[in-house]
Structures are given as C-alpha cells and as structure tokens.
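Engineer: Okay, handing you the structure first.
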Amino acid sequence: MKFQSALFALSVAGASAFAPKALDAKSTALYSSDLAGRASFQTAPPPANRNMGNIWDEERAEIVQGSSLRTWSFMSPAIERIQVIMKTEGRPLNADVELWQGPDNTPQKMAVYLEDGDVRPFACVIESPRGSNTISIRNTANMEFPLLANVEPDVAGGQTPPLAAATMELARKRGKVVQGGAIVTYPFDPSVAKVSVMMRTDGRPLNARIELLQGPNNNKQVIEVYTEDGLERPFQMIIDTPGTGNVVRVINTSTVEFPLTASVEAFLVEDYAYDGGMGGRSMQSMTGTGDFFFSGP
C-alpha cells in the first residue's frame, strides 16, 4: 500500500514538472518584444531625446532681474567649455554675456536680443580653457523683463551637457570663409526646427553679427559676438527656427584683414513622413549622432 502511494506521488510530481507554467503578463510576446514599445508609444508620447531633452533644467535655472548682473565662477582647470542658455516667459530678452578670465580680461563677449525668449531661447557654448573662468550675464532690459539663465560646465556630474556635446561634433565640420565686411545669408526650409551656427578664425580676433530673419527686415534674434582668439575660442550656438521663411544672416563686422569661417547648417529637421498611423511627427538630428527624436500631435 505504501509502495503504491509513493509511486502515485512520484507520478504526480513528474507530471507537474512537464506541465505548462502559468503565463506572466510581462513575459508574453506582447510585452517582451518591440510591441511593448509600440503599446507604450500609442498610450503616451516617447521620452524626450537623449541630447536635447535635458537642455533646459528648471531646477538649476537662475532668475536675472532687469538691470541686474549675475555671475557663475568655475575654478577647475578641467572645465574647457560652458553651456549657456537663456529664456523668458514670452517677453523680449536683452542681455550681455561675457567670459571673464582674470582681472580686466574679457576674451569673449556677446550682446543678445530675442524678440520672444520663450519661442526662440538663446543657447550657446563658450570655450573656457586654462584655469578659472567666470561667466557674467547682465540683463540690460528694464525691471519688468526678467530672464531665466542656465549655466553649466562641460563636466557637470561627470557627463558632458547635451548642447556642449553636440556643438563639439559640429565644430569638426568645415565652413565657408566670410571676408571682413561681407554678408552671407542662409535660407532654411520650414521643416528645419533648429539651426547650428559655428564661427571661428585662424587665431585672429572675431567680430560678427548673427541675425535670424523671418520676413523682410524682421529680426527675431540678433547676437553680436566678439572673441579675442577665434581659433582657441570659436563661437557655437543653436538657433530655434519655428515657422516659415527663416533666414540666418552672418555679418563679419571686422575689416577685410580679419576673415572668419562660418558653418551654418540644419541641426534638427522635422520629418512629416507617415509614421504607422500614429498621427504624429518625428524630428531627426542632422549631426549624424541619431540622438534626437520628437513625436507629438
């Protein structure tokens, strides 16, 4: 009797060993394959792209009131470039941005004007080699027009900020020589959402004016740049170009003895191609990194 009961128990155990396991919802093909990404894609938009998604950090942004000055000091020699971003809540933006290196030494400075600091924020990278550097932002507008500024080094948290990393790759590209006193224009298709601008020299000073036009003599963004050494400290920025009829104009305000090399290219392009019936649009980077993606209605 005991032998029969033991044999029956072994048979039950063997049968249970080969019995199919209960299906876990997360282990099925519907959730384990790329269909899971499609399911989440349909219910919610995908996360922001890796590079441009964190370009603006609300927690670290500093308010610079009208007619006031704010400075950020970086003492570490490991910091070689600094990311500067400014925006407003839809009001105009007027500010002076300077790089200080030692007493009474301003190797780079710029005057910034934005018609709408929310639609077209200011974003640039300032080279800061050799030791301690200070970034100063002076809001030259009235007290009624404050601005938000985000200034971060290229080694923040052990990682390169997104804008600094992207412009580092853009700096390797060739550009067009703009002689002193010359004007060069770059029209862009309405699908271009962002434009990259990089200017440098062969070591001589750089004086230039960058304008974003949308229609005849309609300046949406104006930046006047001075750099003591255009080879050691090239100027690099990203311009938002929403809408149609966008033209970037580069003016070399130096004399004919001081040419510069300008590279103005599409940085982020909207792709309105069919996306599987999602009814959205996608944005792809033109830098070759493939890290930029956006989807929305």
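The values are calculated or read from the model by the stated rules, or taken from the named source; none is laboratory data. A quick note: this is a predicted structure, and the numbers were derived from the prediction, not measured. Don't worry about glycine lacking a Cβ; one is built from the backbone with ideal geometry, like all the others, and counts go over all protein chains shown.
Engineer: Look through the range 151-164, keep the residues that are in contact with a strand residue (DSSP E or B) (Cβ under 7 Å, 6 or more places away or on another chain) and not in a strand (DSSP E or B), and return whichever of them is modelled with the lowest pLDDT.
Structural biologist: As a first pass, look at the range 151-164 and keep what is in contact with a strand residue (DSSP E or B) (Cβ under 7 Å, 6 or more places away or on another chain): 151-154, 161, 163-164.
Add one more test, that the residue is not in a strand (DSSP E or B), and what stays is 154, 161, 163-164.
Working: 154: 77, 161: 56, 163: 63, 164: 59.
Going through the qualifying residues, I end up with 161.
Engineer: Continuing with this model, one more query. Taking only the range 86-106 into account, find how many residues are outside any strand (DSSP E or B), over 20 Å from residue 238 (Cβ atoms) and touching a strand residue (DSSP E or B) at 6+ places or on another chain (Cβ under 6 Å).
Structural biologist: 2
Engineer: Which residues, taken from the range 113-150, are small (Gly, Ala, Ser), assigned to a loop (DSSP other than H, G, I, E, B) and crowded, with 19+ Cβ neighbours inside 10 Å?
Structural biologist: 117, 128, 141
Engineer: From the list 93, 69, which residue is under 19 Å from residue 221 (Cβ atoms) and either touching a Ser or Thr at 6+ places or on another chain (Cβ under 9 Å) or not aromatic (Phe, Trp, Tyr) (or both)? Give the derivation first.
Structural biologist: Numbers: 69 fails: under 19 Å from residue 221 (Cβ atoms).
The match here is 93.
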